[in-house]
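Here is the structure we will look at.
The values are calculated or read from the model by the stated rules, or taken from the named source; none is laboratory data. This is a predicted model, so every value here is computed, not measured. Using ideal geometry, Cβ is built from the backbone for each residue, glycine included, and neighbour counts are taken over all protein chains shown. Each accessible area value is taken on the protein alone, full model and side chains, heavy atoms only, with ligands, DNA and RNA left out. Shrake-Rupley method; radii C 1.70, N 1.55, O 1.52, S 1.80 Å.
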There are 2 protein chains.
Amino acid sequence: MEHATKIAGAKIVKSVFHLLNPHGVSGVVMTADSHLAIHTWPEYGYAAVDLFTCGEVIDPWKAYTHLKERLGAGDVSTVEIKRGQLDFLDRGITHKAAGY
Amino acid sequence: MEHATKIAGAKIVKSVFHLLNPHGVSGVVMTADSHLAIHTWPEYGYAAVDLFTCGEVIDPWKAYTHLKERLGAGDVSTVEIKRGQLDFLDRGITHKAAGY
């Protein structure tokens, strides 16, 4: 996930992962204004991944391609959702995480 | 966000929040197999919130109602996405975060 974040062009602010009992993992990689999250259910061979990115510099599909390959995903279903108002997006996003 | 998580019926495993420069906040509250994320752009009066929940015990709409009220949201747009295979969901989710 961290490598996928870097491949997407984003700078990691913080990562949080925890193992599930009896198996599986949940985790989030935070960037300044985005996050990449994963929840896995190995018993079902299933993983849910969210790639929330902001602006046009970070490319979530690069992270997607990397994760798909590394997870060895067979069947994949993706939904892309454009968030926020268009004029908001067009004006660009300039803020960064404090200290980054 | 943490209060919203509890209202939804979920147990918090870890929370990560960071302030943005010059303003705004990004944060994620992790539960065993779910997460609630927020990214705000105060300069645009905009916040993007993800409420990822699993199973039927946790009710994301309770968190939604709480956050909408606490954020004083005027215009709200919501999209609910059902994830995973139906037979997978029907069998129930039993695993928990290790130690929780």
* Would you mention how many residues in the stretch B:60-71 are open to solvent by less than 60 Å² (accessible area, probe 1.4 Å) and more than 22 Å from A:ILE81 (Cα to Cα)? => 1
* To do: Starting from the stretch A:58-85, take each residue that is over 12 Å from A:HIS3 (Cβ atoms) and within 14 Å of another protein chain (Cβ to nearest Cβ) and list its partners that are β-branched (Val, Ile, Thr) and surrounded by fewer than 12 Cβ atoms within 10 Å (Cβ to Cβ), counting only C-beta distances under 8 angstrom and pairs at least six apart or across chains.
  => A:VAL79/B:ILE81; A:ILE81/B:VAL79
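From A:THR40, A:THR53, which residue is within 11 Å of chain B (Cβ to nearest Cβ), touching a Ser or Thr at 6+ places or on another chain (Cβ under 8 Å) and in contact (Cβ under 8 Å) with a residue 40 or more places away in the chain? Quick ask: steps written out before the conclusion?
Values: A:THR40 fails: in contact (Cβ under 8 Å) with a residue 40 or more places away in the chain.
Of A:THR40, A:THR53, the one residue that is within 11 Å of chain B (Cβ to nearest Cβ), touching a Ser or Thr at 6+ places or on another chain (Cβ under 8 Å) and in contact (Cβ under 8 Å) with a residue 40 or more places away in the chain is A:THR53.
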* Of all residues in the stretch A:28-72, which are touching a Lys or Arg at 6+ places or on another chain (Cβ under 6 Å) and over 16 Å from B:MET30 (Cα atoms)? -> A:ALA32
* To do: All but one of (1) within 7 Å of another protein chain (Cβ to nearest Cβ); (2) open to solvent by less than 40 Å² (accessible area, probe 1.4 Å); (3) closer than 19 Å to A:ALA37 by Cα hold for B:VAL29, so report the exception by its number.
  => (1)
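So, in the stretch B:1-11, exactly how many residues are within 18 Å of B:THR78 (Cα to Cα) and either over 10 Å from the mean Cα position of the chain (by Cα) or surrounded by 22 or more Cβ atoms within 10 Å (Cβ to Cβ) (or both)? Spell out the reasoning first.
Going through the stretch B:1-11, the residues within 18 Å of B:THR78 (Cα to Cα) turn out to be B:1, B:4-5, B:8.
If we keep only those that are either over 10 Å from the mean Cα position of the chain (by Cα) or surrounded by 22 or more Cβ atoms within 10 Å (Cβ to Cβ) (or both) too, we end up with B:4-5, B:8.
The number of residues fulfilling the criteria is 3.
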* Working carefully through the options B:LYS82, B:LYS14, find the one that is more than 17 Å from A:SER34 (Cβ to Cβ), open to solvent by 50 Å² or more (accessible area, probe 1.4 Å) and touching a Leu at 6+ places or on another chain (Cβ under 9 Å). => B:LYS82
* Structure fact -> Log entry, pairs with first residue in the stretch A:11-37 being at positive phi and without any contact (Cβ under 8 Å) to a residue 60 or more places away in the chain, second being among the hydroxyl-bearing types (Ser, Thr, Tyr) and surrounded by fewer than 24 Cβ atoms within 10 Å (Cβ to Cβ), beta carbons closer than 9 Å, six or more apart or on different chains, reads A:GLY24/A:THR40
* Asked: So is B:VAL57 open to solvent by 10 Å² or more (accessible area, probe 1.4 Å) and part of a strand (DSSP E or B) or not?
  -> no
* Checking A:ASP50 against (1) among the acidic types (Asp, Glu); (2) open to solvent by 90 Å² or more (accessible area, probe 1.4 Å); (3) at pLDDT 90 or above; (4) closer than 23 Å to B:LEU20 by Cα, which test does it fail? -> (2)
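Of all residues in the stretch A:20-45 being assigned to a strand (DSSP E or B) and modelled with pLDDT under 95, which is nearest to B:ARG83 (Cα to Cα)?
Keep residues of the stretch A:20-45 that are assigned to a strand (DSSP E or B), which gives A:20-21, A:25-30, A:35-41.
Those still in the list that are modelled with pLDDT under 95 too: A:20-21, A:41.
Details: A:LEU20: 19, A:ASN21: 21, A:TRP41: 12 Å.
It comes out as A:TRP41.
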* Structure fact -> Out of (1) modelled with pLDDT of 95 or more; (2) among the aliphatic types (A, V, I, L, M); (3) assigned to a strand (DSSP E or B), the one A:ILE12 does not meet is (3)
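Give the stretch B:1-22 a look and list any residue that's more than 7 Å from chain A (Cβ to nearest Cβ) and of a type outside the set (A, V, I, L, M, F, W, C), or say none.
So the first thing to find is which residues in the stretch B:1-22 are more than 7 Å from chain A (Cβ to nearest Cβ), and the list is B:1-12, B:15, B:17.
Hits for the stretch B:1-22 are B:GLU2, B:HIS3, B:THR5, B:LYS6, B:GLY9, B:LYS11, B:SER15.
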